[in-house]
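Novice: One structure is given below, represented as structure tokens, and several questions about it will come after.
The values are calculated or read from the model by the stated rules, or taken from the named source; none is laboratory data. Here the structure is a predicted model, which is why all the values come from computation and not from measurement. Ideal geometry is used to build each Cβ from the backbone, glycine not excepted, and the neighbour counts take in all protein chains shown. Areas reflect the complete protein model, heavy atoms only, side chains present, ligands, DNA and RNA absent. Shrake-Rupley method; radii C 1.70, N 1.55, O 1.52, S 1.80 Å.
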Amino acid sequence: MSLNEKLITESKMSLQALVALCKRDIDAIRIPGYIEESVCAELSEKLFSYSDLKQYSMAPDINIKRTGMTLFETQYNNRFLQTYFGTAMSEKKSLAEQCYPNINPNELVQANLKRVWKYGAQVERIEGKQCHYGTCRAFFEGQRLPPHVDYLPKDVKDYPQALWPQCQLAANIYIKNPPKGGELNCWNDDINIENLHTIQSGVYDFIKDDILDAPVVSIKPKDGDLILIRSSDIHSVSPFSGSARAAFSFFINYRGRTKPLYFYV
């Protein structure tokens with residue numbers, strides 16, 4: 001199979017493509033022009049002037065900033081969890097105000113998911129507490145994001161196995177892309193979370209580069225693209241140059257064809 005053979009390009013989000021991605025029949029969905037280029041430029045300017053755009057608290061040496069807080073950063077520490085759950089709604093409001101008069105792209109995609117997915121889509125809750133619904137991340141020149149896996153049971157201590165998603169997706173809405181590099185790379189390996197530590201490099205939760213074959217999908221995003229992948233599979237971002245790289249993003253938990261989708265970050 002050639003590279004990108006299992007990348008589907010659509011004019012709009014469809015139920016059929018979402019199901020195919022969740023069932024592993026395809027490896028990525030790309031919807032070009034989901035956000036107009038002029039809107040991307042406005043959002044990008046506002047993002048880089050946003051006071052809440054900050055380094056990841058547990059990875060200050062990586063040149064990536066994000067809005068709000070992510071569940072991954074809590075490392076399931078009670079003090080950090082209180083901050084994470086306690087700021088979910090205020091961060092959503094603050095980012096919406098920063099995007100105004102445009103709509104936060106995360107909210108646009110989530111509203112679309114609710115229309116397309118018969119059983120609805122809603123914010124993830126953990127022990128009854130509402131998660132952060134999304135973020136916006138800025139990668140700065142030269143920074144890559146090594147191979148890794150994003151999956152809720154990995155980030156929540158003793159998460160009940162009955163609630164484990166069958167797979168987890170990532171939705172990325174790109175508002176600024178560098179002229180060179182910055183590809184989104186995906187592998188379709190079905191990872192055993194319990195054995196994940198055996199392939200990790202020891203640097204944060206990144207996976208060893210030298211154990212991986214070539215990715216099955218490598219996508220060079222354009223401004224305005226919406227791209228969905230399985231984040232519970234290995235994925236990475238290539239090094240880049242020429243400008244920063246920014247995207248709104250959130251995760252989508254899939255627990256079955258007749259269950260709601262659940263989003264968080």
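Novice: Using Cα-only point scatterers and the Debye equation, what is log10 of I(q)/I(0) for region 98-216 at each q in 0.10, 0.17 Å⁻¹, rounded to two decimals?
Specialist: -0.43, -1.23
Novice: Which loop trypsin sites (Lys or Arg not before Pro) in region 108-217, with loop taken from DSSP, have no more than 12 other Cβ atoms within 10 angstrom of their Cβ? Walk me through the numbers before you get to the answer.
Specialist: Working: sites: 114, 115, 118, 125, 129, 137, 144, 154, 157, 176, 180, 208; in loops: 118, 144, 157, 208.
The qualifying sites are 118, 157.
Novice: Here's something else I'd like to know. Roughly to the nearest percent, how much of the accessible area of the chain is carbon and sulfur, given a 1.4 Å probe? Provide the component values of the computation, followed by the final result.
Specialist: Details: 5980 of 12140 Å².
Solvent-exposed carbon and sulfur of the chain make up 49 percent of the total.
Novice: Can you compute the helix-only [θ] at 222 nm over the chain? Use -39500 (n - 2.57) per DSSP H run of at least 4 residues, normalise by all residues, nearest 500 deg cm²/dmol.
Specialist: Details: 7 runs with 60 residues, N = 265.
My calculation for the chain gives -6500 deg cm²/dmol from helical runs alone.
Novice: Calculated FRET efficiency, residue 96 and residue 58, Cβ-Cβ r, R0 30 Å, to nearest 0.05? Don't skip to the answer; put the middle values down first.
Specialist: On the way: r = 26 Å, r/R0 = 0.87.
The formula returns an efficiency of 0.70 here.
Novice: Write down the radius of gyration of the chain and its Dmax, each obtained from C-alpha positions, in Å.
Specialist: Computed over the Cα atoms of the chain, radius of gyration and Dmax are 17.2, 47 Å.
Novice: Taking the convex hull of the Cα atoms, report for region 179-265 its projected area averaged over all directions, in nm².
Specialist: On the way: hull surface 29.5 nm².
Average projection, Cα convex hull of region 179-265: 7.4 nm².
Novice: Quick check on my link table: of 12/176; 154/220; 23/114; 118/154, which ones sit more than 25 Å apart, alpha carbon to alpha carbon?
Specialist: Numbers: 12/176 20 Å; 154/220 28 Å; 23/114 19 Å; 118/154 28 Å.
Pairs exceeding 25 Å: 154/220; 118/154.
Novice: State in Å² the accessible area per residue of region 10-141; use a 1.4 Å probe, count heavy atoms of protein chains only, and round to the nearest integer. Write out the running numbers ahead of the final one.
Specialist: On the way: 6620 Å² over 132 residues.
On a per-residue basis, region 10-141 sits at 50 Å².
Novice: If R₀ is 41 angstrom, what is the calculated FRET efficiency for the pair residue 49 and residue 11, using the beta carbon separation as r and rounding to 0.05?
Specialist: The formula returns an efficiency of 0.80 here.
Novice: Another one. Which FRET efficiency value, to the nearest 0.05, is calculated for residue 209 and residue 118 with the Förster distance at 35 angstrom and r the Cβ-Cβ distance?
Specialist: Working from the Cβ atoms, E equals 0.30.
Novice: Between residue 220 and residue 196, what is the spin-label point distance in nm, taking each point 7 Å from the Cα along the Cα→C-beta axis?
Specialist: Calculated label separation equals 3.1 nm.
Novice: Now for a different question. Along each principal axis of its Cα atoms, how long is region 57-150 end to end? Whole angstroms, biggest number first, please.
Specialist: On the principal axes, region 57-150 reaches 41, 33, 28 Å in Cα extent.
Novice: Highest GNM mean-square fluctuation, the chain, Cα pairs closer than 10 Å: which of 234, 35, 62?
Specialist: 62
Novice: At 7 Å along Cα-to-Cβ for each site, give me the label-to-label distance between residue 127 and residue 111 in nm.
Specialist: 3.4 nm
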